[in-house]
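Encoded as C-alpha cells, the structure appears first; notes follow it.
The values are calculated or read from the model by the stated rules, or taken from the named source; none is laboratory data. Predicted model, so just to flag it, every value in this text is computed and none were measured. Cβ placement follows ideal geometry from the backbone for every residue including glycine, while neighbour counts extend to all protein chains displayed. With ligands, DNA and RNA removed, areas are computed over all heavy atoms of the protein, side chains included. Shrake-Rupley method; radii C 1.70, N 1.55, O 1.52, S 1.80 Å.
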Amino acid sequence: MAKELTSRSENYSQWYNDLVVKADLAENSAVRGSMVIKPYGYAIWEKMQRILDDKFKETGHENAYFPLFIPKSFFSKEADHVEGFAKECAVVTHYRLKNDEKGGVVVDPEAKLEEELIVRPTSETIIWDTYRKWVQSYRDLPLLINQWANVVRWEMRTRLFLRTSEFLWQEGHTAHASRKEAVEEAETILKLYADFAENYMGMPVLQGVKSASERFAGAIETYCIEAMMQDGKALQAGTSHFLGQNFAKAFDVKYLTKENKLEYVWATSWGVSTRLIGALIMAHSDDNGLVLPPKLAPIQVVIVPIYRKDEQLEAITEKADEITKALRAKGISVKYDKRDTHKPGFKFAEWEMKGVPVRLAIGPRDLENGTVEVARRDTLEKDTLRMENLDEKIENLLEKIQDNIFQKALSFRESHTYKVDSWDEFKEKIEAGGFVWAHWDGTAKTEQKIKEETKATIRLIPTDGEKESGKCVYSGNPSERRVAFAKSY
RNA sequence: CGGGGUAUGGCGCAGUCCGGUUAGCGCACCUGCUUUGGGAGCAGGGGGUCGUAGGUUCGAAUCCUACUACCCCGACCA
C-alpha cells in the first residue's frame, strides 16, 4: 500500500481517484471506461443492495430479470427516449467470430444479425414490450417490479464509480391503473431513496423535481435526490420518474377497467447505481482515506494486536476472540487483524485508508489493566476504555459515529448553501461551490444561458417549499419560487 | 470528434535532445536476522525482447516513418 494520499485541498479530483484505488475499492480495467469493482468495494455495494432490496420488498415490489439485449427497433418507439439515449448505445451487430490467417480472430461478416441489438442503457423498452403481455385487466395492476442489473452507456469521459461505461444498478418499473397511483409510487420511492441516503449513507439530500431539460428521456416528471460533495459540487444520488402513459402508448399496454373500458396504464421507473459508492466516498472521507458510515461499512470494528513475543500474542488473541464473539452477538462485523507480516502502525494506516469506523488496539499493557484502546475513524480520536461491557460501549459508539457523520455532512451543506438575488453574487457563489437558491423565470432558454455562463445547472425544483414571488436572477422576469442551482457531477 | 500529452520490471519514474559497456532509481516482491503502542532497519536476491511494425546505421530505448493504446482539456451524461 502506498503511503500518501493526495490531499483534498491540493487536488480534490486526484484525491478521489487515489482514494478509490488505495482503499482497494475499484480499479480501471483493460476495457476503457469500465471498472473492476474489487472485493472491498463490492462488499459496500452488497450492503447497499441488501438494505434497498429489503425496502423494495417491504413496499410490495418483486425482483425479476429482463435481458441485456434489446432489439434496436424497440428504441424508436418512444421518441424522447431514443433521443436521450441514442448517442451512447453500444450495438451488437454480429454473432460470431472466425479465425483469420494471422492466428487471430475477426468478426465473421457472414454472421450479421438481421436486427441489431442494443446493449441496454436502461430497460424501459424491453420491459414495456413485455408488460403488454402481462397486463389485461385492472386485476393485473399494479405491477411492481424491480431488477438488479448492469447497464451500458458509452460515456466519453469516465471516472471510477461516478461515471463508467458499464455500471450496476437497480431499476424499478411499475404499472398502475391511475395517474394518481403512479405519481404516488414515484414519490414513495423518492422518499425511500432519501431515507436510505440520510439514514444509512449518512448523507443529507435535497428532494425535488428536475426542470424539463434535466428530465429523464421519456418522463413527464423526474423526482430526484441531490447531495453535496465536499468540493461543493452537487451529485444526483437517485431518480424516480413518473412516466405518464408515454411508454404504455408506445408499447400499447392497455387494461380493461371495472367499467369494461380499455385504458392505457400509468408508469414509473426509478433507480440508484454504484454511483452511490462514489457519493459515499466524496461525502465523508478525509485526507487519511475513506470514512464509512457504520451501517454500510463491510467491517465495522477492526482489532489490532500489539505484541513482541508469541506468548503475548496468544494472550491478546484470547481476549480479542472474546471481544469478537461479544460484538458479533450484537450483529457487529469484526475483523481481527493478527497478520504478523505487518507492524501495528502499518495496520492502523491501512484500516484508516479503508474507512473502518472503529479500531481496537490491544497490547500487553491493556491486558494488565483490563483496558482496550478505542479509535474512531470519523474524528480520529483515541480513548482507553475498560473491558467491562465493551460490546455495549462499541454498539453505542457506532451509533454515535453514524450520527456524527451525518451531522458533519449536514453542517457542511448548510454552510455551503446560499440564497442569492443578484447575478454577480450568483456567479460568485457558484464559482466558490455550493447550492445556490435563486429565482428562475422557468424558461429553458434562461436555464441554458446560466449553464453556459457559469456551468451551473438547476439541480432541483422543490415540491414542498413555500412559494415566494421574486425576479429571475438572470433575466429579471417574474418567478414564483426559488430553485437550487449548483455545479454538478 | 477537436486540442495537448504519454508509452521503459507489478506501480511510479530517469535515461531519448547529442546513437556506443551489462538499461538505472524509488516503491512493491522474495530470503535471513533484528524489530512490533502510528506506515520498521540492515544484508542479500528475483524480475525489463524499452507500446507495435518497418526503416537508417558497424551498432537503436535513443534517429526516421507508419500504426496502436492510454491519459488530460472540451462537447454528452446516473
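A few notes on this one:
- Residues being open to solvent by less than 10 Å² (accessible area, probe 1.4 Å), touching a Ser or Thr at 6+ places or on another chain (Cβ under 9 Å) and either at positive phi or without any contact (Cβ under 8 Å) to a residue 60 or more places away in the chain (or both) - total across segment A:260-319: 2
- Failed item in (1) part of a strand (DSSP E or B); (2) open to solvent by 70 Å² or more (accessible area, probe 1.4 Å), with A:LEU460 passing the rest: (2)
- Any hit, segment A:404-424, residues being open to solvent by less than 30 Å² (accessible area, probe 1.4 Å) and within 16 Å of RNA strand B (Cβ to nearest atom): no
- Set A:GLY232, A:GLY218, A:GLY208, A:GLY238: member being open to solvent by less than 10 Å² (accessible area, probe 1.4 Å), out of contact with any strand residue (DSSP E or B) (no Cβ under 7 Å at 6 or more places or on another chain) and touching a residue at least 40 places away in the same chain (Cβ under 8 Å): A:GLY232
- Positions within segment A:421-439 being free of Cβ contacts under 8 Å to residues at least 60 places away in the same chain and either in contact with a strand residue (DSSP E or B) (Cβ under 7 Å, 6 or more places away or on another chain) or of a type in the set (Asp, Glu) (or both), in sequence order: A:ASP421, A:ASP424, A:GLU425, A:PHE426, A:GLU428, A:LYS429, A:ILE430, A:GLU431, A:VAL436, A:TRP437, A:ALA438, A:HIS439
- Taking first residues from segment A:363-388 that are at pLDDT below 95 and partners that are within 7 Å of RNA strand B (Cβ to nearest atom), no Cβ contact under 6 Å between residues at least 6 apart in sequence or on separate chains turns up.
- Filtered residues of segment A:188-205 (kept if surrounded by 18 or more Cβ atoms within 10 Å (Cβ to Cβ) and either touching a Ser or Thr at 6+ places or on another chain (Cβ under 8 Å) or modelled with pLDDT under 95 (or both)): A:ILE189, A:LEU190, A:LEU192, A:TYR193
- Flag for A:LEU397 being touching a residue at least 12 places away in the same chain (Cβ under 8 Å), farther than 30 Å from A:LEU5 by Cβ, open to solvent by 20 Å² or more (accessible area, probe 1.4 Å) and within 16 Å of RNA strand B (Cβ to nearest atom): no
- Residue in segment A:431-443 that is farther than 24 Å from A:ASN477 by Cβ, crowded, with 17+ Cβ neighbours inside 10 Å and of a type outside the set (A, V, I, L, M, F, W, C) present: yes
- Residues of segment A:164-208 that are in contact with a Phe, Trp or Tyr (Cβ under 9 Å, 6 or more places away or on another chain), closer than 27 Å to A:GLN245 by Cβ and assigned to a helix (DSSP H, G or I): A:ARG179, A:LYS180, A:GLU181, A:ALA182, A:VAL183, A:GLU185, A:ALA186, A:GLU187, A:ILE189, A:LEU190, A:LEU192, A:TYR193.
- When residues in segment A:46-70 are screened for being open to solvent by 30 Å² or more (accessible area, probe 1.4 Å) and not in a helix (DSSP H, G or I), 9 of them pass.
- The residues of segment A:153-190 that are within 16 Å of the chain's Cα centre (by Cα) and of a type in the set (A, V, I, L, M, F, W, C), listed by number, are A:LEU160, A:PHE161, A:LEU162, A:PHE167, A:LEU168, A:TRP169, A:ILE189, A:LEU190.
- Count of residues meeting criterion [within 16 Å of RNA strand B (Cβ to nearest atom) and in a loop (DSSP other than H, G, I, E, B)] in segment A:134-163: 9
- Of the residues contained in segment A:153-171, one or more are found to be crowded, with 22+ Cβ neighbours inside 10 Å, modelled with pLDDT under 95, of a type in the set (S, T, N, Q) and more than 16 Å from A:LEU52 (Cβ to Cβ).
- A:LEU360 being out of contact with any Pro (no Cβ under 7 Å at 6 or more places or on another chain), assigned to a strand (DSSP E or B) and open to solvent by 30 Å² or more (accessible area, probe 1.4 Å): no
- Of all the residues in segment A:25-45, those that are open to solvent by 50 Å² or more (accessible area, probe 1.4 Å), touching a residue at least 60 places away in the same chain (Cβ under 8 Å) and either among the charged types (D, E, K, R) or in a strand (DSSP E or B) (or both) number 3.
- Only listed residue being outside the structural domain of A:ILE225 (by TED's automatic domain parsing) and more than 9 Å from RNA strand B (Cβ to nearest atom), chosen from A:GLU350, A:GLU373, A:GLU314: A:GLU314
- Residues being modelled with pLDDT of 95 or more and away from RNA strand B (no atom under 14 Å from the Cβ) are represented in segment A:336-343 by at least one member.
- Subset of segment A:123-141 (residues that are of a type outside the set (A, V, I, L, M, F, W, C), touching a Leu at 6+ places or on another chain (Cβ under 8 Å) and surrounded by 20 or more Cβ atoms within 10 Å (Cβ to Cβ)): A:GLU124, A:TYR131
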